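Trainee: Here's a structure for you.
The values are calculated or read from the model by the stated rules, or taken from the named source; none is laboratory data. Worth saying up front: this structure is predicted, and the values here are computed from it rather than measured. Please note: Cβ atoms are built from the backbone with ideal geometry, for glycine as well, and neighbour counts cover all protein chains shown.
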Amino acid sequence: KQEVTQIPAALSVPEGENLVLNCSFTDSAIYNLQWFRQDPGKGLTSLLLIQSSQREQTSGRLNASLDKSSGRSTLYIAASQPGDSATYLCAVRNYGQNFVFGPGTRLSVLP
Amino acid sequence: GAVVSQHPSWVICKSGTSVKIECRSLDFQATTMFWYRQFPKQSLMLMATSNEGSKATYEQGVEKDKFLINHASLTLSTLTVTSAHPEDSSFYICSAPGEPREETQYFGPGTRLLVL
């Protein structure tokens, strides 16, 4: 059974800092991995999707990497802004299975 | 990207009543939709997979008689929480897969349920 963990559980940084969010999964035979953002009381917004054959994906100030062999993914946020404050969820999908979500990292970027 | 809506966005009800939550794909068809539940400061847990034209598939530990799912059309799935109790209070989110080549899912904004 796939299990997904995220470290840290919460993070508070001053505006402008670069930061890294970590995601680990137990079953490396994944189909893809996706990072989502969730604002308080809201649904999920997809940020980046990495297929199992890919090593990384980039979108603007966001970069996500994937290391299947070690069961890890990182989300790198460059030059953080207060508007980046949200909960970031990592979700892993195995072949023929649905997403398994991590518990999330609550990010606060202080102005 | 595709849009998924949910209605209502929040609901407060008395214990013992039933509550219906709608999930709609606004600009695309979805033969499959997924229902998740999220407790405060916890992650999303898949409850069931809604299939248009057939019975829903429930995850282990989810009572199918309590959480009734109906996928009435290619753009609408409903989740009915029957005889709701305070422990059913949660944030319910639905999602629908995008085009096969997109490999992603589109999530609704969620419905917050509070059972008094």
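Trainee: Considering only region B:1-97, give the strands (runs of 3 or more DSSP E) lying wholly within it that have at least 1 residues that are free of Cβ contacts under 8 Å to residues at least 40 places away in the same chain and more than 13 Å from the chain's Cα centre (by Cα).
Mentor: Hits in region B:1-97: B:67-73.
Trainee: Let me ask you something else. Considering every residue within region B:65-84, establish whether at least one is surrounded by 14 or more Cβ atoms within 10 Å (Cβ to Cβ) and within 14 Å of another protein chain (Cβ to nearest Cβ).
Mentor: No, that holds for no residue.
Trainee: Condition first: under 16 Å from the mean Cα position of the chain (by Cα), at pLDDT 95 or above, closer than 23 Å to B:Gln105 by Cα and more than 14 Å from chain B (Cβ to nearest Cβ). Can you find one or more residues in region A:31-52 that meet it?
Mentor: no
Trainee: Of B:Glu103, B:Glu59, which residue is on the phi > 0 side of the Ramachandran plot and surrounded by fewer than 17 Cβ atoms within 10 Å (Cβ to Cβ)?
Mentor: So the residue among B:Glu103, B:Glu59 that is on the phi > 0 side of the Ramachandran plot and surrounded by fewer than 17 Cβ atoms within 10 Å (Cβ to Cβ) is B:Glu103.
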